[in-house]
Amino acid sequence: MPTHTPSAPRTCIPADLDASRFENVEAHFAELLARSVNSQPEFDQWLLDRSELDAACSETQANLYITMTCATDDEEAQKAYADYIEGVVPKLKPVSFDLDRRLVELSTRFASPRHAILVRDTKADVDLYRQENVAIETELAKLSQAYDQLIGAMTVQFEGQERTLPQLAVFQERTDRDLRERAFRAGAERRLRDKDAIEGLFDHMVTLRHSVATNAGFQGFGDYAFKAKHRFDYTPRHCFDFHESCERLIVPMLRRQEERRRRALGVDTLRPWDLVVDVKGRGPLKPFDGGADLMRRTIATFRLLDPRLATMIGSLGTGSEARGSRDGAGLDLDSRKGKAPGGYQYMRDRSRKPFIFMNAANTSRDVTTMVHEAGHAFHSMLTVDEPLLAYRHAPMEFCEVASMSMELLTLPHMNTRESFYADDADYLRAKRQQIERSVSLLPWIAMIDAFQHWIYANPTHRREDRKIHWLSLDRRFGSSCSWEGLDDARSYLWHRQPHLFSVPFYYIEYGIAQLGALQLWLLSLEKGERTAIDFYLKALSLGGTRTLPELFEACGLRFDFGYDTIQRLADRAEQELDRLPE
Ligand SMILES: [Zn+2]
């Protein structure tokens, strides 16, 4: 497995280029734009040099981002990142566009079949670029930041303490039903206080996005977004099929699971605060203790699944690191004051070293996050020998197969002393949680995606119509719990989904990927883990050199999100769940 440092490519971009200042990279962009290219080898060198220049810029941004998220209370780190985003990125956009145009031009004379995907994607970007949209996009980025600030500032006085909404959400696991209800209502009321402000931001965003699309010659933002996201292998029609199959196959299954939950809890009606609590009244699982322990157990789990994976994840560090990406460190796992929320994997493109960021707090959720991000890191590590930066990254729909499949494939190996759940009851509980999460995500994805298709197909809709449409989707895809007396909370539930505000149309990718991950899980159950992991490693190594359907095929999966595929997966998942205790 490639845990080696890749050999330095022959390039005119200095190894120690400090790309944090535009002055330092400007001359390299100009040189590439002006360089005469008269043969295929010269074109290859041009591509390689551009790739290394882009990688230097990307790694600069990665390190600034990592440093900022590891210390949100460090003003200097915050300022350095903001300066880069506001001062350097807007200058990089036009010079990158010039190089894109040059690339497309040169490709007509010198491109080989190997370049087909790169040229296809770059052409789409060139087609869509409009100078007048740059300012609109900056405006949209500011609106999205305003949304983040509104949400981030929401706190509630609860049980004698001021709490953020994520802190409040933890109460949904408490076994005292009355406490859960009060926590739920407190959170919902706090969100609704900013309802009008959020509605206003969203109205403005929809209008601006519609003009971005019409400026680029499109009828609406939906078609524009499909091209901008390089969705060449599926259409809105495929997404609508996915919605319908989820409605017909997954929703009834989840409703059956909810009925089991209602009976196990012994309540007349399931309410929104009854959906995550353990039905047997047990406290939360505690699968590890601290980042170093998390890492040891993760490596042990992967060793049982496949030693090749254990070697790769083991090369990232010990898990006790707490210094961001300084000195090339690959991990920062433990939760501590000043760290941004969430978890991510970030590939540093020039040095070709992945970094995993987490807020580990000894929960079973953290175990899932760790093996998920490990999947992304495998993907990054398996492509380090690819010379072109664009080909070291796969399409999002496949990147999430790499990560989500690890959530399921590691499951059979978590029941040992070296791994996370030595106790059988804990293990079965964690397994049930994981399968339930993997499946119940699908209708929510369908709902968010269907909502966006409607929004941008009707850009001049009224707020009232939007609400009515959302509620109709909630009846199709949502939980069967009773919302009696909570009409507003239900009507504006979508306000909590940041993708709708910040990255429109980005969500169906998770659905496509989850179906891939579930298929790989089935493959491992039916044909054996070795076969599944062989497919996995081969497909990940291809990076972005193949089309999306080709990547799925290389991984032994069907690129299909229609009825038959979903039925096979839903049946198997339900079988597994029926075998597990509550
Ligand atoms: Zn991911």
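Specify the residue that is surrounded by the most Cβ atoms within 10 Å (Cβ to Cβ); the eligible residues are those in the range 330-363 that are of a type in the set (G, A, S) and within 12 Å of the ligand (Cβ to nearest atom). Out of the qualifying residues, it is G343.
Mind checking which pairs have a first residue in the range 14-37 that is under 20 Å from D83 (Cβ atoms) and a second that is loosely packed, with under 13 Cβ neighbours inside 10 Å, Cβ under 6 Å, 6 or more apart or different chains? Filtered contacts from the range 14-37: N24/D18. Note on the range 494-508: residues that are part of a helix (DSSP H, G or I) and surrounded by fewer than 20 Cβ atoms within 10 Å (Cβ to Cβ) amount to 4. Total residues in the range 445-465 satisfying the condition of being farther than 17 Å from F218 by Cβ and more than 26 Å from the chain's Cα centre (by Cα): the figure is 5.
If the condition is being of a type outside the set (S, T, Y) and in contact with a Ser or Thr (Cβ under 9 Å, 6 or more places away or on another chain), then the range 160-194 contributes E162, R163, L165, Q167, L168, R190. If you go through the range 126-150 and pick out every residue that is open to solvent by 40 Å² or more (accessible area, probe 1.4 Å), at pLDDT 85 or above and within 23 Å of the chain's Cα centre (by Cα), you end up with 2. When the range 286-320 is examined, which residues are found to be charged (D, E, K, R), open to solvent by less than 70 Å² (accessible area, probe 1.4 Å) and closer than 15 Å to M370 by Cα? Those that are charged (D, E, K, R), open to solvent by less than 70 Å² (accessible area, probe 1.4 Å) and closer than 15 Å to M370 by Cα: D293, R297.
Residues are listed down the side, and each one gets a yes or a no for (1) surrounded by fewer than 19 Cβ atoms within 10 Å (Cβ to Cβ); (2) aliphatic (A, V, I, L, M); (3) farther than 14 Å from L99 by Cα:
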{"site": "D18", "(1), (2), (3)": "yes, no, yes"}
{"site": "F22", "(1), (2), (3)": "yes, no, yes"}
{"site": "E52", "(1), (2), (3)": "no, no, no"}
{"site": "E59", "(1), (2), (3)": "no, no, yes"}
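Flag: R35 matches the condition of being at pLDDT 95 or above and more than 32 Å from the chain's Cα centre (by Cα).
Of everything listed in (1) in a loop (DSSP other than H, G, I, E, B); (2) in contact (Cβ under 8 Å) with a residue 40 or more places away in the chain; (3) under 22 Å from the mean Cα position of the chain (by Cα), the single unmet condition for G342 is (2).
Let's see how each residue does on (1) in contact with an Asp or Glu (Cβ under 7 Å, 6 or more places away or on another chain); (2) in a helix (DSSP H, G or I); (3) buried (at least 19 other Cβ atoms within 10 Å of the Cβ); (4) modelled with pLDDT of 95 or more:
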position: G516; (1), (2), (3), (4): no, yes, yes, yes
position: A532; (1), (2), (3), (4): no, yes, yes, yes
position: G543; (1), (2), (3), (4): yes, no, yes, yes
position: P549; (1), (2), (3), (4): yes, yes, no, yes
position: F552; (1), (2), (3), (4): no, yes, yes, yes
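Residues of the range 364-379 include at least one that is within 25 Å of S51 (Cα to Cα), open to solvent by 20 Å² or more (accessible area, probe 1.4 Å), within 16 Å of the ligand (Cβ to nearest atom) and not hydrophobic (A, V, I, L, M, F, W, C). Say whether the condition of being in contact with a Leu (Cβ under 6 Å, 6 or more places away or on another chain) and either farther than 29 Å from L92 by Cα or assigned to a loop (DSSP other than H, G, I, E, B) (or both) is met by at least one residue in the range 177-188. Within the range 177-188, one or more residues are in contact with a Leu (Cβ under 6 Å, 6 or more places away or on another chain) and either farther than 29 Å from L92 by Cα or assigned to a loop (DSSP other than H, G, I, E, B) (or both).
Only a single item in (1) open to solvent by less than 10 Å² (accessible area, probe 1.4 Å); (2) out of contact with any helix residue (DSSP H, G or I) (no Cβ under 6 Å at 6 or more places or on another chain); (3) more than 16 Å from the ligand (Cβ to nearest atom) is not met by D424, and it is number (1).
Conditions (1) of a type outside the set (S, T, N, Q); (2) out of contact with any Leu (no Cβ under 9 Å at 6 or more places or on another chain); (3) within 21 Å of Q514 (Cα to Cα), marked per residue:
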{"residue": "R336", "(1), (2), (3)": "yes, yes, no"}
{"residue": "Q345", "(1), (2), (3)": "no, yes, yes"}
{"residue": "K353", "(1), (2), (3)": "yes, no, no"}
{"residue": "F357", "(1), (2), (3)": "yes, no, no"}
{"residue": "A360", "(1), (2), (3)": "yes, no, no"}
{"residue": "T363", "(1), (2), (3)": "no, no, no"}
{"residue": "V367", "(1), (2), (3)": "yes, no, yes"}
{"residue": "A377", "(1), (2), (3)": "yes, no, yes"}
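Residue check, S325 against (1) surrounded by fewer than 18 Cβ atoms within 10 Å (Cβ to Cβ); (2) of a type in the set (S, T, Y); (3) away from the ligand (no atom under 16 Å from the Cβ); (4) at pLDDT below 95, all met but one. Which one? Condition (1) is where S325 drops out. Residues being in a helix (DSSP H, G or I), out of contact with any Lys or Arg (no Cβ under 7 Å at 6 or more places or on another chain), among the aliphatic types (A, V, I, L, M) and open to solvent by less than 60 Å² (accessible area, probe 1.4 Å) are entirely absent from the range 267-285.
Restricting attention to the range 378-437, the residues that are at pLDDT below 95 and touching a Gly at 6+ places or on another chain (Cβ under 6 Å) add up to 0.
The helices (runs of 4 or more DSSP H) found wholly in the range 375-481 and carrying at least 2 residues that are over 29 Å from M205 (Cα atoms) occupy 396-409, 424-457. Every condition in (1) modelled with pLDDT of 95 or more; (2) under 17 Å from V439 (Cα atoms) is met by Y507 except one, and the failing one is (1). Note on the range 164-223: among residues that are touching a residue at least 12 places away in the same chain (Cβ under 8 Å) and aromatic (F, W, Y), the one that is surrounded by the most Cβ atoms within 10 Å (Cβ to Cβ) is F221.
Look at (1) outside any helix (DSSP H, G or I); (2) more than 26 Å from L493 (Cα to Cα) and you find that E132 fails only one, number (1). Taken over the range 66-78, the criterion of being at pLDDT 90 or above and open to solvent by 50 Å² or more (accessible area, probe 1.4 Å) is satisfied by T67, E76. Report yes if some residue within the range 386-395 is surrounded by 24 or more Cβ atoms within 10 Å (Cβ to Cβ) and within 16 Å of the ligand (Cβ to nearest atom); otherwise report no. Scanning the range 386-395, I find no residue that is surrounded by 24 or more Cβ atoms within 10 Å (Cβ to Cβ) and within 16 Å of the ligand (Cβ to nearest atom), so the answer is no.
The values are calculated or read from the model by the stated rules, or taken from the named source; none is laboratory data. As the structure is a computational prediction, the values presented were derived from the model and not from experiment. Note that each Cβ is placed from the backbone with ideal geometry, even for glycine, and that neighbours are counted across all protein chains shown. Accessible surface areas use protein heavy atoms only, side chains included; no ligands, DNA or RNA. Shrake-Rupley method; radii C 1.70, N 1.55, O 1.52, S 1.80 Å.
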